[in-house]
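The values are calculated or read from the model by the stated rules, or taken from the named source; none is laboratory data. Here the structure is a predicted model, which means the values were calculated and not measured. Glycine gets a Cβ as well: all are built from the backbone with ideal geometry, and neighbour counts include every protein chain shown. Heads up: the accessible areas ignore ligands, DNA and RNA and are worked out on the full protein's heavy atoms, side chains in. Shrake-Rupley method; radii C 1.70, N 1.55, O 1.52, S 1.80 Å.
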Amino acid sequence: SRDRCAPDDAHQRRKAIRQSLGLESQELTLLLVGSGFITKGLDRAIQCVANVHEAQPSVKLRLLVVGQDKQRRFKRLSKRLGVEDAVSFLGGRDDIPDLMQGADLLIHPARAEAAGIVLLEAVVAGLPVVVTDVCGYAHHVKEARAGFVLPAPFSQEQLDRAVMRNIDGVFRAECRRSALLYD
């Protein structure tokens with residue numbers, strides 16, 4: 001759908017959605033979209049936030065979680081890991097294109113995913129992606145040079161390194177440019 005593509009006013013939309021969510025301009029914002037939080041690897045993403053925070057305490061990091069599923073166990077995990085303030089559960093939303101403009105990285109460390117349309121949406125939005133190779137559409141991320149495709153078997157350390165690589169704004173900008181050029 002054309003509404004998933006990066007719009008001409010992407011910069012203004014980014015600023016507006018970040019302001020509405022209370023995100024600071026220098027806060028690295030990860031976005032996880034999807035229901036079925038266990039399958040989508042939300043626990044892996046929360047662990048990554050904790051690991052990056054420990055390795056790079058000066059980096060402000062926020063994980064936005066969009067989807068309708070039971071949050072309780074994941075809220076407990078984020079609290080146990082000391083990152084509950086860095087994980088925001090937004091519930092189901094219909095403004096995914098704006099959230100993609102406001103985020104810095106789509107994180108999708110899924111355990112299984114037949115396709116993963118959200119990956120294609122991120123690519124056409126120009127949002128860098130970190131995804132596991134078990135996702136059917138992960139090859140588009142690789143072909144577009146729009147981020148990282150993590151090989152099986154899953155490694156938390158590889159996920160953490162990929163997210164830390166995205167702290168570099170120049171790297172993210174390169175992924176964005178490549179993604180927007182992808183057909």
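Key figures
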{"read-out": "Electrostatic dipole magnitude of region 5-154 [Cβ: Lys, Arg +1; Asp, Glu -1; Cα centre; debye, to 20]", "value": "560"}
{"read-out": "Gaussian network model of the chain, springs between alpha carbon atoms under 10 Å - residue of 26, 101, 56 with greatest fluctuation", "value": "26"}
{"read-out": "Residue with peak Gaussian network fluctuation, the chain [Cα springs, cutoff 10 Å], from 146, 173, 138", "value": "173"}
{"read-out": "Accessible solvent surface per residue of region 1-145, calculated while the other protein chains remain in place, 1.4 angstrom probe, Å²", "value": "49"}
{"read-out": "12 Å beta-carbon shell around residue 47, net charge (K/R +1, D/E -1)", "value": "-2"}
{"read-out": "Partners for residue 79 among aspartates and glutamates (Cα-Cα distance below 15 Å; same-chain residues under 8 apart left out)", "value": "43, 54"}
{"read-out": "Gyration tensor over alpha-carbon atoms, region 78-133, equivalent ellipsoid semi-axes in Å", "value": "21, 16, 11"}
{"read-out": "Part-to-part distance (alpha-carbon centres) for region 103-162 and region 75-100, which is given in Å", "value": "18"}
{"read-out": "Given the chain, longest segment not containing exposed loop GluC sites (Glu not before Pro) (DSSP; at most 16 other Cβ within 10 Å)", "value": "28-183"}
{"read-out": "Selected from 20, 78, 88 as most flexible by GNM, with the chain as the system and alpha-carbon contacts under 10 Å", "value": "20"}
{"read-out": "Estimated Rh, the chain: Kirkwood, alpha-carbon pairs, angstrom", "value": "16.0"}
{"read-out": "Accessible carbon and sulfur surface of the chain relative to its total accessible area, %, 1.4 Å", "value": "48"}
{"read-out": "Sequence-distant aspartates and glutamates (8 or more away, or on other chains) whose Cα lies within less than 17 Å of residue 15", "value": "24, 27, 95, 98, 104"}
{"read-out": "Residue pairs, from the table 60/142; 40/70; 40/142, whose Cα atoms sit over 21 Å apart", "value": "60/142"}
{"read-out": "Computed [θ] at 222 nm, deg cm²/dmol, the chain (DSSP H ≥ 4; -39,500 (n - 2.57); rounded to nearest 500)", "value": "-13000 deg cm²/dmol"}
